[in-house]
Every structure is written in C-alpha cells, then in structure tokens.
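The values are calculated or read from the model by the stated rules, or taken from the named source; none is laboratory data. In this text the structure is predicted, and so the values were computed from the model without any measurement. Positions of Cβ are backbone-derived with ideal geometry, glycine not excepted, and every protein chain shown enters the neighbour counts. Areas reflect the complete protein model, heavy atoms only, side chains present, ligands, DNA and RNA absent. Shrake-Rupley method; radii C 1.70, N 1.55, O 1.52, S 1.80 Å.
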Amino acid sequence: MKTSLFIFIGFALLVSQPLVGQDRVSRDDALADLRYLFALIEEVHPDPYSAFGGKVAFKREAQELWLGIPEQGMTSDELYDLVRPFFGQMMDGHSHIQRPSSTAAVADRRYLPVRFRIAVDAIFVSSARQTYGDLIGYRVEAVQGKSLDELRQAAQSVFPAENEFGATRRFTSLLSSNSAARYLLDDTPDRLTLSLIAENGAEVTRVIPYELTRDQWLDGEWEDRRWEAIEERDAPFYFQVWPDRDAAYFKVRTIMSREAFEIMRAAGRTDLDQWLGQFYSRYLDRPLPEDTDVAIAGVPSFSETAFNLLEESKTHQTRRLIIDLRGNGGGWSDILKPFYYMLHGDRYFEASLPVVFATQISRPHLELGDVSLGAQYEIGDYLFSEAPPNPAPEDARELFLDELRASRQSSLQYVESLRGEALYTPEVYVVIDPGTFSAAYHLAYYLWRLGAKIVGVPSAQAGNAFVDPIPFELPNTGLEGAISRTAQILFPDDAERGRVLMPDFPLNWADFRAYGFDAHAEIRYLLERTE
C-alpha cells in the first residue's frame, strides 16, 4: 500500500507572519499578481472548481476580484484582504495565502490574556493570565454579541476550513489578537465582551482587554491545570512507560524525523535544506550543519523512538499505548509505515485500506525534483495511488524493504529485524483535537483502520479533502501561501465520516469539567475508561 508524500503548511501562524513591504503596487502589477495566482491554482490544484459550483463560477469569482482592483493600485495588505475570501470559499485547509505584516504592525498588535479550547459541544477558557484565572473552564456563549455559530460562519466565509471544527479552530485563533479579530468583528477591537457560562450554570459577562504584547502572549506565565504524571518536553516525539498504570504514553508533536529527510534526499528534493533548517530551528534549537548528511544524521529517528517504546512496553507487558497527536500539524506520512509494521508485522499488509490519492502533475510539482514525467505522462495528467490487491505477506515485506533500501532509511534495520513478526501489539488509543492535521490525521486514520480507538475532539482535517501543498510567492506584492496538489479520499463510501471523523471516545465540555479542565483531561479520561 502506497501513501502520498507531503509536507504540511496548512494554517498560517497568526503570531508570526512574514514581513512584506507595504508600499503600494500599481493596478497593473496587482492585476498581474492575481492572474498569476489564479492560473497557478488551476495548474496545481486537483479540483479548484467544485467548491465554487463549477468552472464557470470559479472563473466569474476570480474575474470579479481583479475587476475590483482600484485605479490607484493596492498595498499587499489590501490585496491579501481582497483575495483571502477566495481561499475561504475553496474549503481546503492546505491551500491558503498568508497575511502580510509590517514591523510596526507586529509591534502594535495586542493579544488577549485568555486562551480557548474546543470540546465536541463547546468552547471554554483553558488558560489565562493571573488576573483572569477564575475564568478557566467557563464556556463561551457569545463574543461581542455574536453567537458561536455566527463566528463560525464568519470564519468559514473568509478563511479555509474543511468542517465545523476547522471553522471553530480558526475563529478561536483569530480572537487571540486584536488585528486578527477584525476579520470576525466589525472593526479592530481593543477589548472583547465575552458572554460566559460558569461551572455552576450562572451566566457571566466579562470585558477583557487586548493587553499583552506578542512576547508576553508567547512566553509569559499562564495559569492552567496540568496532570503532573506527563512530562512536558520540547522534543519532536518522546515516550513514557507507566507500568503501574498498565500503559505507555507516546507524545508526537510532528510527523517530521530523520526518515523524512532521508526520503527527501533520495528523491532529490530541491527544498531539502530549507526544511532541514526549519526543523533545526524549531525542534533542535541549534545551527544547521553545513554538511547535509551530517544534518540529517542529527535529526531524531521516529522509527528508533517507536522501536524503543514498543520494546520497553513489551518488557513491562503494558496493555495500553496512548499516542498523543493533539496540536500536531503534520509532516511526512511515509515515515509512519515502519511503525505500523512494528505494531502488526506482516498482518499490516493484509489490512483493508480503501484510500485513493490523486495528484495533478504541474510545473511547480516537477520543479520540486521528486518526480519525473516519464513517457506516459504529460503536465496536467493525474497520478493515482491507491491500495493494490494485497500480495502475499512475504512478497509485500520484500517490496517494503526494497522501498526502505532505495531511500536509505534508517528505519530499515528495525523492520528487517522483525522478520515478519510484530514487535509488540498493545491496545492502541490515539488522542486528537482540532489541531491534529494533515500527516498527523493520517497517523490517526491508519491506526484506526488497523484497530485503534480515537479519543478527544474531531480534527479540523477532513478525510476526503486536498493535501500535499506547494508553496508560492506572488512576484509583485511578495505575498506567500500554498496550493494543494493532491486529492485524498479516505472514506469513499461515507461522506459524513469523510468530513468529520468523530472519535470513538468524544469529549464534551462536561467531560473536561469532570477532570477540572486539566490540559491532559483526555489522557486521564482514557485511562479511567479503559481500566
């Protein structure tokens, strides 16, 4: 079974935007940028038309946008505001355009001293600065007099969202800063009026000012509640084994690892150094070595970590494995295959996985360097990948080992050592939230297909959606973003589940309340429910 290879760009961070000059560009230059953008969307995206109601509607919407460019031209901010709703209409969480910002705008931006969390049936205050610590756990009923449904609809109309949990995640993020909140409200607010419901059911109204600087919002001291049994680390992935709780805990913060960069190196990806640099900066906090091979060797191995986890779990015979994917925005899906194999051995190849990926071949696709046309394909054709009829386990294993050898993956030694047998097969539980996206959603999905149970709040990712984004930069305004190049169909016969994958153990506001709105309420809930 072959899965797609992709790196997730997805939701642009609201607190860290690219610095784009705010000088006005001419009408001709703005028009050229829009024509370039829409042509690129049609060339790269596998189906940009359906969300608009067809090609004619897509063309009409695009044309109305460039006819709206004023004679005096536009700044990059103004062009962003013009085209942003177009991406919202695409309902594709991997295709987006990033908000520009000037240094002055970042300095003037102010943030809310409370943060929100999403339950299946509610939004509540999850953490706060000391002054507002009494609000932790309070349910949000309205903001500035707007209901949650109104805010969801406002967010979904101007920003990409694939389901209601994506729209909810979007608007709760937008509320964090005054400059972003203006997309939901009538103007840029200096404070928010929150209509809240306390734990005892009392209705409460609180006016909360945007008073924090960016540094205070990112690094200041926040009050929340956290179960001390879970270690908080900055590593990209790590585990704990709890013999006394008959469980192991595997925190996966990203689906990027040494194996991903080994695959990129073998494929000749032209953006390898860029992604290595980002990984070193975000997860290793040290300079990127000049030698690419040395840099790759310095990245932690997902397979090695998973192997050690399962070996230690086997030693203690722990019955349950909890995989925490909350807040994991994705990465590179193919690094996960050895983990599935460690859990199931050759039985992994016998699993029924009704998945289809369809990628449109485009010039930007070819420029990445990891694919060539071949004699049978042309630009504009589609590459289809789906689960083939299951071969004999021994044959499937050899094909898998050949794939690992071809890309010189460090996971090869672990798969070879198993000789067709699973390393250890505990009961697997996958914890997700709306921030579980892209390749992290893939990990939850495949484990679920292989028998795992899902716990928490649904992902903002839809199973039947578009993925595998290619970045772009508009030539005149410098605006940046990404466009999906692959359609994925994970639920060919279940449209509703293809839109929202509801957990086997969904958590409502009352469930979070039962655990004191602990940041790890899902883990405590799960351990208690599966004793």
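For trypsin sites (Lys or Arg not before Pro), the sites in the stretch 232-287 that DSSP calls loop and that have at most 13 other Cβ atoms within 10 Å are 233. Within the stretch 58-94, none of the chymotrypsin sites (Phe, Trp or Tyr not before Pro) combine a DSSP coil assignment with at most 15 other C-beta atoms in a 10 angstrom radius.
Annotation for the stretch 398-461: trypsin sites (Lys or Arg not before Pro) lying in DSSP loop with at most 11 further Cβ atoms inside 10 Å of their Cβ are 419. Provide the percentage of antiparallel DSSP beta bridges, counting only those with both residues in the chain; round to the nearest 5. Beta bridges within the chain, antiparallel portion: roughly 75 percent. Taken one residue at a time, the phi angles of the stretch 317-329 give Karplus couplings (6.51, -1.76, 1.60, θ = phi - 60°) of 6, 5, 7, 10, 10, 9, 10, 9, 10, 4, x, 7, x Hz. Gly and Pro are set to x.
Restricting the calculation to Cα atoms, the stretch 291-450 shows an Rg/Rh of 0.98 when the hydrodynamic-style radius is the Kirkwood one.
Taking amide H atoms as placed 1.01 Å from N in the peptide plane, the amide H of residue 227 lies under 5 Å from those of 519, 520, each 5 or more residues away in sequence or on another chain.
Listed here are the pairs 59/146; 337/453; 146/453; which of them are more than 24 Å apart at the Cα? Table pairs above 24 Å Cα-Cα are 59/146; 146/453.
Evaluating 6.51 cos²θ - 1.76 cosθ + 1.60 at θ = phi - 60° for every residue in the stretch 204-209, the Karplus couplings come out as 10, 10, 10, 9, 10, x Hz, glycine and proline recorded as x. Mean projected area of the convex hull spanned by the Cα atoms of the chain, taken over all viewing directions: 25.1 nm².
Close amide H contacts of residue 98 (hydrogens built in the peptide plane, cut-off under 5 Å, sequence separation of 5 or more or a different chain): 480, 481.
Applied to the stretch 481-486, the Karplus parametrisation 6.51 cos²θ - 1.76 cosθ + 1.60 on θ = phi - 60° returns per-residue 3J(HN,Hα) values of x, 8, 10, 5, 10, 10 Hz, with x for Gly and Pro. Here the contact order of the chain, divided by its residue count and restricted to Cα pairs under 8 Å and six or more residues apart, works out to 21 percent. Screening the chain for DSSP H helices whose Cα atoms reach 24 Å or more along their own axis and whose mean Kyte hydropathy is at least -0.5 gives 27-44.
In the chain, the calculated helix contribution to ellipticity at 222 nm averages -10000 deg cm²/dmol per residue, counting -39,500 (n - 2.57) for every DSSP H run with n ≥ 4. Surface composition of the chain: carbon plus sulfur atoms hold 46% of the accessible area, using a 1.4 angstrom probe and ignoring ligands, DNA and RNA.
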